[in-house]
Every structure is written in C-alpha cells, then in structure tokens.
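Structure, as structure tokens:
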Amino acid sequence: MKRSLFGRLWPNVTAVILFVGFVFPVYWMFATAFKPTGDIISEDPVWFPTDVTFEHFQRATGVDHFWTYVGNSLIVTLCAVAFALVIALAGAFALARMRFKGRRGFVIGFMLAQMAPWEVMIIAMYMIVRDASMLNSLLPLTVFYMMMILPFTILTLRGFVAAVPRELEEAAMVDGCTRSQAFLKVILPLLAPGLMSTSLFGFITAWNEFPLVLVLNKEAESQTLPLWLSSFQTAFGNDWGATMAASSLFAVPILILFVFLQRRAVSGLTAGAVKG
C-alpha cells in the first residue's frame, strides 16, 4: 500500500518541483519590473512587490526608435514564418507522398542543417549581404530567419503529412477533386496542429534572434527588439528595473501567441475529422 502511494506521489512532487523551477524566473522577471528601484537593489529580496511602479516601463519604452524596433521585429518575424510555412508545406508533402531518387539524402540534409549552429555562418552571411549592398536592410534578415526555421518546419510537417491516410486523398480525387483540391480540402485541415506548432517554433526562433541582426544591421532604423534589450546599460552599471520591464514586454507577444495557438492546435485535432 505504501509502495503504491509512493508510486503515485513522486511523479506529482517531481512535476511540481519542475514547474516551480521553470516558472519562478519568469515570475521574478515580471515582479522585478514593477518594483521600485530601492526594492530591486536591496540586500534583502522582496518576494512580492508592494509599492507597484510603472517607472521602469516608461524608461524602457522611452528609448529612441522603440516603435521602429517593434515594427521591424514584427515585419521580419511574421514574414519569415509565413514564407517558411508555405515552402515547408510543399517540401513536406513531396517528401511524405512522392518517391524520387535522393529522397533520403534530402531528409538527412535537412537534419544536418537543423543540427548545424548558424553562428558559424555569420561571417559568410555578412560578406554575402555586404557584396549585395544590402546591409542595414530587413530583407536579408527575413531570408536568413526563414532559412533558420525551414529545416525544422519541413521535418515536422513531413511527419504530419505522412500520418494522414492516403485513402482520404484518393477518395477525394475519386469524387472529382484534383490533387491540389484534395490537398487543400482534405489534407490541409488535418495539418492544423502541425502548422500551429511549427509556426510557434518559428516565431520564437526569429523573434529572439540576436547575433545576426547585431552584425548585419548597425543602424537603429533597421534593428529589432533583441538589440533594444541590450541598450539598458549606463556608466554606473545595468538598469535592472528597465531591463526587467523590457524583458517582460519582449516576452508578452510570445506568451499571447502560445496561449492562442495552443487552443487552436487542440481544436485542429478534431477540425479535420471525417465521418466513416
């Protein structure tokens, strides 16, 4: 009886410990953003902010070109994710449904591309963009971000496409649909969970990217929000209040997108259900 109770108890205790370990840094970031400066630099930690202040958020959003950073990040991230999903959807369908010479090599190539760190290619990327006279432009960032998330997107969507029975597509074609219509009307609705998960991964990857924009875009008018996060340093040290406020604002779009896509992904599991 005791062994059975322990067997049920320890997974729950472990889950609670892991949950607290992952959530506490996020809570501390948001809590620090609302604390007065005196509570932040105090030797005794203030676990719960009592005197709530928005001063740090005002300093964070009062930085020059703040809204330019926001617009650039949204443009580059959304365009990169959208283009990657369109290309990856076609590539995943080809890898999952078609048989051609070199197909396995393509899959291995995508896996190797996903494993390779992009930082080792920054010098080559810089030289390409410089020779094309496109430094301080959003277009190279969009293209490179799309390339970063494309291998994972293709590999993930390939698994979702392969999980859809061929009989559904063939039945639609027997009923008069072309291959394109069968894909749009039958397969695409069933891929909703995969599209949601891959788009979330792509958004987080492009939204958080820092080294590439630091090297390619030196002018403030073409920079993105990750560089904005690194700007809260003074001659006296780091402005931790503004840094935590900026980090909180930076994390909010990802949290909102996660909550939204999580609900849509669950509904997408049943949206493509077919009656027998």
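The values are calculated or read from the model by the stated rules, or taken from the named source; none is laboratory data. Since this is a predicted model, take the numbers as computed values, not measurements. All Cβ positions, even for glycine, are placed from backbone atoms using ideal geometry, and neighbour counts span all protein chains on display. For the accessible areas, the whole protein counts, side chains as well, though only heavy atoms, and no ligand, DNA or RNA atoms are used. Shrake-Rupley method; radii C 1.70, N 1.55, O 1.52, S 1.80 Å.
For the range 193-215, a tally of residues being farther than 30 Å from Y69 by Cβ and modelled with pLDDT of 80 or more returns 1. What about T50, is it open to solvent by 50 Å² or more (accessible area, probe 1.4 Å), over 18 Å from S230 (Cα atoms), of a type outside the set (K, R) and not in a helix (DSSP H, G or I)? Criteria met by T50. On inspection, A33 qualifies as small (G, A, S), farther than 30 Å from T156 by Cβ, in contact (Cβ under 8 Å) with a residue 12 or more places away in the chain and crowded, with 18+ Cβ neighbours inside 10 Å. For Y126, the test of being over 30 Å from M196 (Cβ atoms) and touching a Leu at 6+ places or on another chain (Cβ under 8 Å) is passed.
Let's see how each residue does on (1) basic (K, R); (2) open to solvent by 20 Å² or more (accessible area, probe 1.4 Å):
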| site | (1), (2) |
| --- | --- |
| T77 | no, no |
| A82 | no, yes |
| L85 | no, yes |
| A90 | no, yes |
| A94 | no, yes |
| R99 | yes, yes |
| R104 | yes, yes |
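For the residues V63, V76, V20, the requirement of being closer than 30 Å to F144 by Cα and part of a helix (DSSP H, G or I) singles out V76.
When residues in the range 130-161 are screened for being more than 24 Å from the chain's Cα centre (by Cα) and part of a helix (DSSP H, G or I), 2 of them pass.
How many residues are open to solvent by less than 30 Å² (accessible area, probe 1.4 Å) and either over 27 Å from T77 (Cβ atoms) or touching a Gly at 6+ places or on another chain (Cβ under 9 Å) (or both) if we restrict to the range 187-204? Of the residues in that region, 5 qualify. Does D39 count as open to solvent by 20 Å² or more (accessible area, probe 1.4 Å), out of contact with any helix residue (DSSP H, G or I) (no Cβ under 6 Å at 6 or more places or on another chain), farther than 30 Å from A163 by Cβ and outside any helix (DSSP H, G or I)? Here the answer is no, as D39 does not meet what is asked. Among the residues of the range 130-138, is any of a type in the set (K, R), surrounded by 11 or more Cβ atoms within 10 Å (Cβ to Cβ) and either under 19 Å from S247 (Cα atoms) or in contact with a Cys (Cβ under 7 Å, 6 or more places away or on another chain) (or both)? Checked the range 130-138: no residue is of a type in the set (K, R), surrounded by 11 or more Cβ atoms within 10 Å (Cβ to Cβ) and either under 19 Å from S247 (Cα atoms) or in contact with a Cys (Cβ under 7 Å, 6 or more places away or on another chain) (or both). Going by the conditions given, is T14 hydroxyl-bearing (S, T, Y), part of a helix (DSSP H, G or I), closer than 30 Å to E221 by Cα and out of contact with any Lys or Arg (no Cβ under 9 Å at 6 or more places or on another chain)? In short, no. Residue pairs whose Cβ atoms lie under 6 Å apart, sitting 6 or more positions apart in sequence or on different chains, and linking a residue in the range 134-159 that is in contact (Cβ under 8 Å) with a residue 24 or more places away in the chain to a partner that is open to solvent by 10 Å² or more (accessible area, probe 1.4 Å) and among the charged types (D, E, K, R), are N136/E219. When the range 88-121 is filtered for residues that are farther than 30 Å from V164 by Cα and over 20 Å from the mean Cα position of the chain (by Cα), the ones remaining, listed by number, are V120, M121.
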